[in-house]
1. With point charges of +1 on the Cβ of Lys and Arg and -1 on the Cβ of Asp and Glu, referenced to the Cα centre of segment 210-255, which listed residue (243, 213, 253) lies farthest in the positive direction of the dipole?
2. I want the local charge near residue 217. Using Cβ-Cβ distances under 15 Å, sum +1 for each Lys or Arg and -1 for each Asp or Glu among the other residues.
3. Calculated from DSSP H runs of 4 or more alone, at -39500 (n - 2.57) each and per residue, what is the 222 nm mean residue ellipticity of the chain, nearest 500?
4. Quick check on packing: order 126-132, 200-206, 91-97 by the mean number of other C-beta atoms within 10 Å, highest mean leading.
5. Among the aspartates and glutamates, which fall within straight-line cross-link reach of residue 192, defined as a Cα-Cα distance under 16 Å, with same-chain neighbours fewer than 8 residues apart omitted?
6. What whole-number distance in Å separates the alpha-carbon centres of segment 90-165 and segment 1-76?
7. Given a cut-off of under 8 Å on Cα pairs at least six residues apart, what relative contact order in percent is computed for the chain?
8. Could you tally the net charge around residue 246, taking each other residue with its Cβ under 12 Å from the Cβ of residue 246, Lys/Arg +1 and Asp/Glu -1?
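Each reported figure results from applying straightforward, stated rules to the coordinates on display, with no laboratory input. All figures in this text were calculated on a predicted structure; none of them were measured in a lab. Cβ atoms come from the backbone with ideal geometry, glycine included; neighbour counts cover every protein chain shown.
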Amino acid sequence: MRPAFVAGNWKMHTSMAEATKLARAIAARARGSSNVIAAVCPPFPYLAAVRSELEGSTVLLGAQDVYCEKNGAFTGEVSAAMLVDVGCTYCIVGHNERRHIIGESDALVRRKVRAVLAAGLTPIVCVGELASERDGEETVGVVTAQLSSAIAGLPADDAARLVFAYEPVWAIGTGRNATPDQAEEVHAHIRKFLADRYNASLADRAVIQYGGSVKASNAESLLRQPNVDGALVGGASLDATEFLAILETATRAAS
Ligand code: PGA
């Protein structure tokens, strides 16, 4: 049985005071459960402070991005070892805002996945199509190409450590979420892709989150889909009550 995994992606939001308050509220009220994992991914400058707030709780820490080199003259960048050092367990890699706003290539995403794994962190590998690609019925092709590139040459032992997030770009921050059927179709495809590329048992154990305008009011129908194993939550994760309600829903759906 796969655990459900709900992660909050705070993006470039919050101040120090807001970040610590939000983390404190989530840590205080998140119920531990053996089949549900919760994590929050604050902005880099607040990672250490948020880690302190999460201490003693079941909520884990994640980063929103990383650089692929171990260290060196890479002004402004942060290494995976630094993220481990500050207490991260997870790192989002290849979020569509990085692919489409910052201009990250598939090749860079692949190098980041490798760097994150080498440091002992768990990558949350994001894939998803643009609105025009969905309209052109290219969704499966786009997602397959992103996945193939992200895991190219990765041995099964490493691939077994990946978490995936399907995030249709047209559903992110728009209030327009994929229907449960649309999400399930792509999640099932991702699982089949992993089974074909590796093996059925690895595919069966892979955790695949859905992301894109998930909130307390729509989480239930998405999380009830057989291949949807949790959520990567943006906007709604900035509200402790909303985030905790999604976590509760995931706990119910996983039990
Ligand atoms: P959203 O963002 O929930 O605000 O749509 C999700 C994400 O980008 O991870």
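1. Going by the charge dipole, the pick is 253.
2. Values: positive: 176, 215, 224, 252; negative: 220, 239, 242, 248.
With Lys, Arg at +1 and Asp, Glu at -1, the net is 0.
3. On the way: 11 runs with 110 residues, N = 255.
Rounded to the nearest 500, it is -12500 deg cm²/dmol.
4. Values: 126-132: 20.6, 200-206: 15.4, 91-97: 26.0.
So the peptides 126-132, 200-206, 91-97, ranked by packing, come out 91-97, 126-132, 200-206.
5. Within the straight-line limit of under 16 Å, residue 192 reaches these aspartates and glutamates: 184, 204, 229.
6. Taking the Cα centre of each part, segment 90-165 and segment 1-76 sit 20 Å apart.
7. On the way: 497 pairs, mean separation 55.7, N = 255.
With pairs under 8 Å counted, the relative contact order is 22 percent.
8. Values: positive: 215, 252; negative: 220, 239, 242, 248.
Taking every other residue near residue 246 into account, the sum is -2.
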